[in-house]
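Right, one structure below, let's go through it.
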Amino acid sequence: MRRDRLVWQLWVSLLFFSIHQVSIAKDYEVDASHSTVGFVVRHIVSKVNGSFKKFEGRFSFDPSNPAASKLTAEVAVASVDTNEPKRDIHLRGEDFFNAEKFPKFTFVSKKFTPAGDKKFKMSGDLTLRGVTKPVIFDVDFFGEGEDPWGGHRIGFEATTQVNRKDYGISWNKALDKGGFVVGDEVTINVNVEGREKK
């Protein structure tokens with residue numbers, strides 16, 4: 001009898017702990033006016049920076065229980081901006097993003113794991129030009145707090161590196177003395193300020 005009571009108490013404790021863990025994962029939406037989605041790629045002997053001006057995302061996050069966190073995001077590829085209009089037109093075309101056929105690229109998280117003080121690994125699927133590949137973002141958690149309008153906000157920076165050829169983006173041009181115009185490795189850098197959903 002006593003053993004049955006101890007088992008019952010254990011199950012109740014585990015259930016309470018699980019509910020508590022799930023309940024403190026708050027839901028947020030990306031505040032695009034205070035967030036950025038950028039990239040860096042090698043160009044001949046230097047690097048070119050670019051960004052996307054239109055994007056949206058939703059996520060749940062609990063810093064004390066990262067396994068309960070999740071994120072989905074989508075980016076309008078036609079909003080690419082490298083501060084050079086002719087290059088941006090080329091990037092929107094079939095040689096690169098093919099924005100007419102594939103207007104968005106998406107990321108859906110699958111797993112969050114701790115990686116140090118306020119650092120996490122975010123694993124998930126990146127879909128670009130109709131190709132889906134697993135990627136891992138290194139995430140820095142900046143913190144959370146109240147804004148002046150009574151809302152709750154949270155901040156992150158996430159970085160990963162992908163090979164553009166994995167997504168069918170293979171255009172390039174050989175240089176006369178060796179090498180190519182565009183590098184294959186692309187660094188994706190995302191800064192997110194999330195607004196808690198009411």
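The values are calculated or read from the model by the stated rules, or taken from the named source; none is laboratory data. Quick caveat: nothing in here was measured; it's all calculated off a predicted structure. Glycine gets a Cβ as well: all are built from the backbone with ideal geometry, and neighbour counts include every protein chain shown.
Say whether the condition of being in contact with a helix residue (DSSP H, G or I) (Cβ under 6 Å, 6 or more places away or on another chain), under 20 Å from ARG42 (Cβ atoms) and crowded, with 18+ Cβ neighbours inside 10 Å is met by at least one residue in segment 152-165.
No - not one qualifying residue is present in segment 152-165.
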Could you list, in sequence order, the residues of segment 83-110 that are surrounded by 16 or more Cβ atoms within 10 Å (Cβ to Cβ) and in a loop (DSSP other than H, G, I, E, B)? PHE96, PHE97, ASN98, ALA99, PHE102
Among the residues in segment 146-162, are any touching a residue at least 24 places away in the same chain (Cβ under 8 Å), among the hydroxyl-bearing types (Ser, Thr, Tyr) and farther than 25 Å from PRO66 by Cα? no
Criterion violated by GLY143 - all others in (1) assigned to a helix (DSSP H, G or I); (2) at pLDDT below 95; (3) closer than 21 Å to SER35 by Cα; (4) of a type outside the set (Lys, Arg) satisfied: (1)
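Which residues, counting only those in segment 116-135, are out of contact with any Leu (no Cβ under 9 Å at 6 or more places or on another chain), touching a residue at least 24 places away in the same chain (Cβ under 8 Å) and loosely packed, with under 15 Cβ neighbours inside 10 Å?
Here is the first cut: in segment 116-135, the residues out of contact with any Leu (no Cβ under 9 Å at 6 or more places or on another chain) are 116-121, 123, 125-131.
Filter once more, keeping what is touching a residue at least 24 places away in the same chain (Cβ under 8 Å): 118, 120, 126, 128-131.
If the condition is that a residue be out of contact with any Leu (no Cβ under 9 Å at 6 or more places or on another chain), touching a residue at least 24 places away in the same chain (Cβ under 8 Å) and loosely packed, with under 15 Cβ neighbours inside 10 Å, then LYS118, GLY130, VAL131 are the ones that fit.
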Checking the condition closer than 23 Å to HIS90 by Cβ and in contact with a strand residue (DSSP E or B) (Cβ under 6 Å, 6 or more places away or on another chain), which residue from THR113, THR187, THR160 passes? THR187
Scan segment 158-198 residue by residue and report those that are among the basic types (Lys, Arg) and within 20 Å of the chain's Cα centre (by Cα). ARG164, LYS165, ARG195, LYS197
Can you go through VAL80, VAL37, VAL48 and tell me which one is surrounded by 14 or more Cβ atoms within 10 Å (Cβ to Cβ), more than 15 Å from ALA158 (Cβ to Cβ) and in contact with a Phe, Trp or Tyr (Cβ under 7 Å, 6 or more places away or on another chain)? VAL80
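Would you mind stating whether LYS198 is within 25 Å of ASN65 (Cβ to Cβ) and out of contact with any strand residue (DSSP E or B) (no Cβ under 7 Å at 6 or more places or on another chain)?
Details: within 25 Å of ASN65 (Cβ to Cβ): yes; out of contact with any strand residue (DSSP E or B) (no Cβ under 7 Å at 6 or more places or on another chain): yes.
Yes.
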Which listed residue, of LYS197, LYS165, is modelled with pLDDT under 95 and basic (Lys, Arg): LYS197
Tally of residues being touching a Lys or Arg at 6+ places or on another chain (Cβ under 8 Å), under 26 Å from THR36 (Cα atoms) and either of a type in the set (Phe, Trp, Tyr) or buried (at least 16 other Cβ atoms within 10 Å of the Cβ) (or both) across segment 167-194: 7
Identify all residues within segment 60-80 that are of a type in the set (Val, Ile, Thr), in a strand (DSSP E or B) and either under 12 Å from VAL30 (Cα atoms) or within 16 Å of the chain's Cα centre (by Cα) (or both); write none if there are none. THR72, VAL75
Is it the case that segment 164-180 has a residue that's assigned to a loop (DSSP other than H, G, I, E, B), in contact with a strand residue (DSSP E or B) (Cβ under 6 Å, 6 or more places away or on another chain) and without any contact (Cβ under 8 Å) to a residue 24 or more places away in the chain? yes
